[in-house]
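Note sheet for the following structure.
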Amino acid sequence: MAHDSYQSPLGSRYASGEMLFIFSDDFKFRTWRKLWVALARAEHTLGLPVSHEQVDELAAHIEDIDYEVAAKREREVRHDVMSHVYAYGLVCPTAKPIIHLGATSAYVGDNTDIIQMREGLKLIREKVCVVLRKLAAFAQQHRARPTLGFTHFQPAQLTTVGKRATLWANELLMDLDEIDFRIASLKLLGSKGTTGTQASFLELFGGDHEKVKELDRLICREMGFDACVPVSGQTYSRKTDAYVLATLSGIAQSASKFSNDLRLLQHLKEIEEPFEKSQIGSSAMPYKRNPMRSERITSLARYVIVNAINPGITAATQWFERTLDDSANKRISIPEAFLAVDAILSIYANVAGGLVVYPKVIDRHIMEELPFMVSENIMMDAVQKGGDRQELHERIRSHAMEAGRQVKELGLPNDLIDRIASDPAFGLSREQILAHCDPRDYIGRAPEQVDEFLTLLQEKLGDAGQVSGDMELKV
């Protein structure tokens, strides 16, 4: 790695080799050549003066790319597509006259962009499934473990550790549906020409409209797509980019929700992210165990969410059949969004697969709040023993206020149970009161909801969730 020039941290620190390859020069320019092969093959099939030998020659040199020749030529002609047409022609002298026949730059540029985004989404999908399986295993393990629920980050009714994990998983499941829809709906630009009218191809085919339409169908089939866009200017609608980045933004939102929850849980010392034996939490405070991986998820997610605005603005400001103010922005915003989400999911999988739960701390926090929550049950029990409901309500309110004051102002334990037990108006022993304080009685259907959700999740995932690449963290 060069140390005398800027390197994007998304490439050097965070993203996987697989995602980096999808947006690499090799993938891009090999795909350009595959598209040129598909164009030549379709033109040969449809009767244009393109020979079988020329098609074969092009196909044999898809990976034989001389980047130095292309770069030198681009410095001369200031056009990246024509530079690569030139470099391709040098290794395919027989096919040189028919490379890019009838096409415009968007034929290779835009179609490749769609292919890259589709391949990127497929990899993202695999990684989402990996995370979902890890969250599912965690939810199953802790399906019935009571924990203090929070609304407004204030103590609320109890839930379970596993049920909370299903909330994280469910948002990713929603993202998975979005990914599937987006992959299925992506269409190639096809061969549409300079303003989308296919005029150059209509001229090549002597006015035969059916052959022009068949050209699109043949290219589509060879490149693994079901259809091309029905109409376009020179480029596919940039709303496609906005839709794709909105999908990636959704994943970032889900991951950030998880990471923020975990950062709060780690502050409470209830659940922690993995922490290696030799890991350093702080350069100044050796005792610290900072949630640095969760913080990294939050940080990268923020970038993706903000970056998703880019293609929307680009789509809104395209003029007529095309302008070029999209190009420089697309080169940055699209790949970097994929690289960032790829990194987020690798970290997410690492964290979700190594969560550490501290039941004793969770139980202590429950018991600090549960006496307040069960006060109505205690009051009803005392009423059944002959007490006056209105009087008992006032007495329990008074005890609760004082117990709360002791906790907040004096830092003392919650002694509400002892206060009620020592009050003869209730006529209840400490043991009778504690019988109301089993946390498992206050978790509702949380365990059953976990089971039901995991059944639904399993049906959705099937055999998915085995990512082919390396999900380990780079740093």
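The values are calculated or read from the model by the stated rules, or taken from the named source; none is laboratory data. As the structure is a prediction and not an experimental result, all values here were calculated from the model. Cβ: placed from backbone, ideal geometry, glycine included. Neighbour counts: every protein chain shown.
Here R397 fulfils each of the conditions (1) closer than 30 Å to N260 by Cβ; (2) assigned to a helix (DSSP H, G or I) apart from (1).
With the requirement that a residue be within 31 Å of the chain's Cα centre (by Cα) and either farther than 18 Å from A106 by Cβ or of a type in the set (S, T, Y) (or both), what does the range 31-47 give you?
Filtering the range 31-47 for residues within 31 Å of the chain's Cα centre (by Cα) gives 31-35.
Across the range 31-47, the qualifying residue is only T31.
Residues in the range 306-321 that are buried (at least 20 other Cβ atoms within 10 Å of the Cβ) and either farther than 28 Å from Y348 by Cβ or of a type in the set (V, I, T) (or both): T314 alone. Within the range 239-266, residues that are without any contact (Cβ under 8 Å) to a residue 60 or more places away in the chain and over 15 Å from V306 (Cβ atoms) reach partners that are surrounded by fewer than 19 Cβ atoms within 10 Å (Cβ to Cβ) and basic (K, R) with beta carbons closer than 9 Å, at six or more positions or on different chains, in the pairs Q266/R289. Within the range 435-454, residues that are in contact (Cβ under 8 Å) with a residue 60 or more places away in the chain sit with their Cβ atoms under 6 Å from residues that are of a type in the set (A, V, I, L, M, F, W, C) and part of a helix (DSSP H, G or I), at 6+ positions apart or across chains, in these pairs: H436/I378; C437/L370; P439/I366; V450/A139; L454/A136.
Select from the range 372-394 the residues that are in a helix (DSSP H, G or I), acidic (D, E) and out of contact with any helix residue (DSSP H, G or I) (no Cβ under 8 Å at 6 or more places or on another chain) and write down the one among them that is nearest to P146 (Cα to Cα).
Pass one, the range 372-394, residues in a helix (DSSP H, G or I): 372-373, 375-384, 389-394.
In the following step, the residues that additionally are acidic (D, E) were identified as 376, 381, 391, 394.
Filter again for out of contact with any helix residue (DSSP H, G or I) (no Cβ under 8 Å at 6 or more places or on another chain), leaving 376, 391, 394.
On the way: E376: 20, E391: 32, E394: 30 Å.
The selected residue is E376.
At least 1 residues being in contact with a Gly (Cβ under 8 Å, 6 or more places away or on another chain) is the threshold, and among the helices (runs of 4 or more DSSP H) wholly inside the range 42-108 those reaching it are 80-91.
Looking only at helices (runs of 4 or more DSSP H) that lie completely in the range 142-230, which have at least 1 residues being small (G, A, S) and surrounded by 15 or more Cβ atoms within 10 Å (Cβ to Cβ)? First the steps, then the outcome.
On the way: elements: 161-185, 199-204, 209-222.
Helices (runs of 4 or more DSSP H) meeting the threshold: 161-185, 199-204.
Here R133 fits the description: basic (K, R) and either assigned to a helix (DSSP H, G or I) or closer than 19 Å to N350 by Cα (or both). Annotation note: of G386, G353, the sole residue that is within 30 Å of D175 (Cα to Cα) and surrounded by fewer than 19 Cβ atoms within 10 Å (Cβ to Cβ) is G353.
Tell me the residue from S333, S327 that is surrounded by fewer than 18 Cβ atoms within 10 Å (Cβ to Cβ) and small (G, A, S), please. Step through it out loud before you land on a result.
Working: S333 fails: surrounded by fewer than 18 Cβ atoms within 10 Å (Cβ to Cβ).
Answer to the selection: S327.
Selection of the range 357-371 for residues being in a helix (DSSP H, G or I), more than 25 Å from H399 (Cβ to Cβ) and in contact with a helix residue (DSSP H, G or I) (Cβ under 8 Å, 6 or more places away or on another chain) yields V361, I362.
Give V50, V69 a once-over and let me know the one that is surrounded by 14 or more Cβ atoms within 10 Å (Cβ to Cβ), closer than 23 Å to D110 by Cβ and at pLDDT 95 or above.
Sole residue among the options that is surrounded by 14 or more Cβ atoms within 10 Å (Cβ to Cβ), closer than 23 Å to D110 by Cβ and at pLDDT 95 or above: V50.
Is it true that some residue in the range 102-110 is within 21 Å of V229 (Cβ to Cβ), touching a residue at least 12 places away in the same chain (Cβ under 8 Å) and touching a strand residue (DSSP E or B) at 6+ places or on another chain (Cβ under 8 Å)? For the range 102-110, residues within 21 Å of V229 (Cβ to Cβ), touching a residue at least 12 places away in the same chain (Cβ under 8 Å) and touching a strand residue (DSSP E or B) at 6+ places or on another chain (Cβ under 8 Å): absent.
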